[in-house]
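So the structure is just underneath, and the comments pick up after that.
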Amino acid sequence: MSIVFDRERQTLTLHTAGSSYQMQIGPLGVLLHLYYGPRCEGCFDYLYLPRDRGFSPNPHERTEGRGFSLDNLPQEYSGSNCGDFRLPSLRLHTDRGVTGAELRYLRHEIRPGKYSLEGLPCAWDRGGEAETLSVTLRDEASGLEVELLYGVFEALDVITRAVRITNRGGQTVTLEAAASACLDLPFGRWDCLHFPGRHAFERQTQRCALPDGITAFSSTRGMSGHQHNPFVLLCDRDATEDAGACYGLMLAYSGNHETFLERDQTGSLRAVTGIGTQNFSWQLRPGEHFETPEALLCFSAQGLTPLSQRYHRFLRQNVCRGFWAGRRRPVLLNSWEAAYFDFDEASILRLAREAKALGAELLVLDDGWFGHRQDDRSSLGDWFANPAKLPRGLGPLVEGVRKEGLLFGIWLEPEGVSEDSELYRAHPDWALRVPGRLPALSRDQLVLDLSRKEVTDYLYEMISALLREHAISYVKWDMNRGLADLYSAALPPERQGELAHRYMLGLYALLDRLTREFPEVLFEGCAGGGGRFDAGMLAYCPQIWASDNSEAVSRLAIQEGTSYGYPASALGAHVSACPNHQTGRSVPLGTRAVVAMAGTFGYELDPARLTEAEKAEIREQIARFRDYDELVRTGDHYRLRSTGESACALWAFVAADKSAALLSFVLPAPEANAPAVHVRLKGLASDGVYRLARADFFGCLLEPQPLSRTRFTGAELMCGGLTLPALYGDAPSAQLLFIRDDA
Ligand code: GLA
């Protein structure tokens, strides 16, 4: 049993392989949070000594005395306007002017399997993996019932949380905030890791000591955003990759989100994460209910690496779904950086032929193939072949590409609409815009109102017809602007605050319908690169284009930041041309491939502009990636740091059965007479013998010194480590493959 109710102590304890999580139905029915940490037995109510802290209110019942205050005790799901002045999880008002919520225990239930959510992406139980705890709380004044849902994936070491809020009273209630999870950590000194960025510079890693007061990370852009990812880690001040307590809070949500972290007057930390509350409200008439997005919680007592690996495994197996989730993905060549808007049938067929000759398996026709689109100013919404570029339509092109022996993929931006489009001219009210105000343009486009069923039905008909008519194996689902001008012509004034979330529900319903009907089509998510890289999108798109910055050195930080929460199998990464189109930097072709091989691997260049030597190198890269693919896609990922002084990137994928390890190393800017780069491998079998099966060096102007040995024990590689040869060149790199050889 992974969920245990102790009747005598009134505790509910959730156990996963490495963690325990405990709450208690406390005095007056207050649901107290007692513990989240290493797996253990016990009852942790003894930790919270009653203490009268001035100005911290007490419940009117007086039974517990002045030492009992919601303002001090750890809460499982905090209320508001009821004597807990810290971060609320639930804010509301009713039509009679009641505000806030005082939540008291009503009932609970433990059941096998995983709860599900209506219309929201959430983790799934592949069979006997999860148990559900439902704890219902009630706020008397508003008549709301708040059902806290916990999905306990014991072996996978993850606890999912969501909240279902039902109006059981007679008033109309308007939710102003409804968090997915609240986590109180009463003791300890915590650092926070989060992943800020911007377009073409996503998910940089930032670690900061949490100050007293409130720290917040959020998106108000209608998408999870390039700026802040809906994933935050809390860790011990001295936690490292391999040591220290760490907690992960990840939302399976792709819209507005916020995570608040409050270090309060006594040093207790409260984390509240959920749907973004700016411009949010949700009306519940008597009998109606609301479900929050799901939060994925994970704890590691041994540092950041195991935490990341748990998320990787969980997202791969229990969030990504469908035909492609666990399969090798085709190596693709994308037309975007090869041709941008400048192509026709013949040039795309030529691209396909050359892609095939290089060993690619999928040709993706990116932006520009529809309406009369010649640049990014028109035609979004007109998803029929552009007569100026494809006068014979899409059919002959798709067939032509398939005759070359490649799968065909296509770019769509279904959520966007150009003012210069037939769709907009026919349905101007389908775009989001505030009456009486001109809408903000972004990339010269508007956004369709996906909260409206007729809009998502239209998109479904259009996309499903496209997929039925043509042998399309892959869709790049892009979204190139944020949601400004929140107003829906189809919602009454009092429900306009629901729009941003209703938009997401519309998007998820559409994706759900399409991915169910076309399970063998590979959907890759994208939003101006990595603007919607989150666990919500991963439920429909097993891979997401990580950044519009395809330049390998910039990608190191982007991909490393991404790796804290998301697996390599989800990370879209391509080799592109040099000088790079985003930074102007030239990185050796071999190094570009080493970096792209930490993701789904593909190309984004015109082979016609390559030399014969480069083409030969690419053929070898694709063959090599086929060998490494499974290791990258399913292996355990390790962020490794060198003990040398040069700034370098080092990471490894180790097979789950420890039979092989791929070590990758990039040295962006070699220095003269630099200290040796030394690294300790991780995750090997100590007593295993590993043979260096391949050592490839790229971008080296001088032949690197060979390693003096090719056989090592796992212990040698993990304890003694490995001294890497000095590399000389501009952004040189190395890839070392170790195969276990003592079986
Ligand atoms: C976005 C994507 C790019 C490309 C362009 C096309 O920026 O992230 O990969 O598809 O749109 O306009």
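Compute the normalised compactness of the stretch 655-722: alpha-carbon radius of gyration over 2.2 N^0.38 Å, N being the residue count. Present the calculation step by step, with values, prior to reporting the outcome.
Values: Rg = 13.4 Å, N = 68, 2.2 N^0.38 = 10.9 Å.
Its radius of gyration relative to the 2.2 N^0.38 Å reference: 1.23.
Counting only Cα atoms, the size of the stretch 479-602 along its three principal axes is 57, 32, 24 Å, in decreasing order.
Taking the convex hull of the alpha carbon positions in the stretch 86-132 and averaging its projected area over all directions gives 5.9 nm².
Take the Cα pairs of the chain, get the Kirkwood Rh, then feed it into Stokes-Einstein at 25 °C and 0.890 mPa s and tell me D in µm²/s. Could the numbers behind the result be given before it?
On the way: Rh = 27.1 Å.
The estimated diffusion coefficient comes to 90 µm²/s.
The accessible area of H678, taken with all protein chains in place and a 1.4 Å probe, comes to roughly 30 Å². Over all other residues within a Cβ to Cβ distance under 15 Å of L175, the charged ones net out to -4, with Lys and Arg as +1 and Asp and Glu as -1. Against the longest principal axis of the chain, how steep is helix 345-358, in degrees 0 to 90 to the nearest 10, with axes from Cα atoms? That works out to roughly 90 degrees. The Cα center of the stretch 514-559 and the Cα center of the stretch 181-227 differ in position by 21 Å.
Which net charge results when you count Lys and Arg as +1 and Asp and Glu as -1 among the other residues whose beta-carbon is under 13 Å from that of C192? Cβ neighbours under 13 Å give a net charge of +2.
Per residue, the convex hull around the alpha carbon atoms of the stretch 79-220 comes to 179 Å³. Counting every alpha-carbon pair across the stretch 163-243, the share separated by more than 22 Å comes to 45%.
Compute the accessible area per residue over the chain, keeping the other protein chains in place, probe 1.4 Å, unit Å².
36 Å²
Around C82, under 9 Å between beta carbons, what's the net of Lys plus Arg minus Asp minus Glu among the other residues? Display every interim value, and only then the final one.
Working: positive: none; negative: D84, E102, D139.
Value of the local net charge: -3.
Seen from all directions on average, the stretch 200-325 presents a Cα convex hull projection of 10.8 nm².
Going by a ≥ b ≥ c, the root eigenvalues of the Cα gyration tensor, does the stretch 577-619 fall in the rounded group (a/c under 1.5), the prolate group (a/b larger than b/c) or the oblate group? Intermediate results must be reported in sequence, preceding the final value.
Values: a/c = 1.60, a/b = 1.07, b/c = 1.49.
Because a/c hits 1.5 or more and a/b fails to exceed b/c, the stretch 577-619 counts as oblate.
Ratio of Rg to Rh for the stretch 395-550, alpha carbon only, Kirkwood? The partial results should precede the final answer.
On the way: Rg = 16.3 Å, Rh = 16.6 Å.
Looking at the stretch 395-550, the ratio lands at 0.98.
Only Lys, Arg, Asp and Glu carry charge here, each on its Cβ (+1 for the first two, -1 for the last two); on that basis the stretch 101-178 has a dipole of about 140 debye about its Cα centre.
Give me Rg over Rh for the stretch 65-111, both radii from the alpha carbons and Rh done the Kirkwood way, two decimal places. Each step should come with its number before you reach the end.
Numbers: Rg = 12.6 Å, Rh = 12.1 Å.
So for the stretch 65-111, dividing Rg by the Kirkwood Rh gives 1.04.
Geometric descriptor of the stretch 553-707, per residue, is 130 Å³ (volume of the convex hull of the Cα atoms). Our analysis of the stretch 277-398 gives Rg over Rh at 1.17, with the two radii drawn from alpha carbon positions and Rh computed by the Kirkwood formula. Summarised as an ellipsoid, the stretch 254-345 has semi-axes of 36, 25, 17 Å, derived from the eigenvalues of the Cα gyration tensor scaled by 5 and square-rooted, with the largest first.
Within the chain, what whole-number % of the accessible surface is contributed by carbon and sulfur, with the 1.4 Å probe and all protein chains included in the calculation? Mind dumping the intermediate values first?
Details: 13370 of 26560 Å².
C and S fraction of accessible area: 50 percent.
Taking every alpha-carbon pair within the stretch 5-104, the share separated by more than 23 Å comes to 32 percent.
Where a ≥ b ≥ c are the square roots of the eigenvalues of the C-alpha gyration tensor, would you call the stretch 367-460 rounded, which needs a/c under 1.5, or, failing that, prolate if a/b is larger than b/c, or oblate? Cα axes put the stretch 367-460 in the prolate bin. Can you tell me the orientation of helix 453-469 relative to the chain, as the angle in degrees between its alpha-carbon axis and the longest Cα principal axis, to the nearest 10? For helix 453-469, the angle is close to 30 degrees. Over the residues of the chain, the helix contribution to mean residue ellipticity at 222 nm works out to -5000 deg cm²/dmol, using -39500 (n - 2.57) for each DSSP H run of at least 4. What separates the Cα centres of the stretch 647-673 and the stretch 332-411 is a distance of 36 Å.
Counting only alpha carbon atoms, the long axis of helix 499-517 and the longest principal axis of the chain meet at about 50°.
The values are calculated or read from the model by the stated rules, or taken from the named source; none is laboratory data. In this text the structure is predicted, and so the values were computed from the model without any measurement. FYI the Cβ positions are ideal-geometry reconstructions off the backbone, even for glycines, and counts take in every protein chain you see. Just the protein is used for accessible areas: all its heavy atoms, side chains included, with ligands, DNA and RNA removed. Shrake-Rupley method; radii C 1.70, N 1.55, O 1.52, S 1.80 Å.
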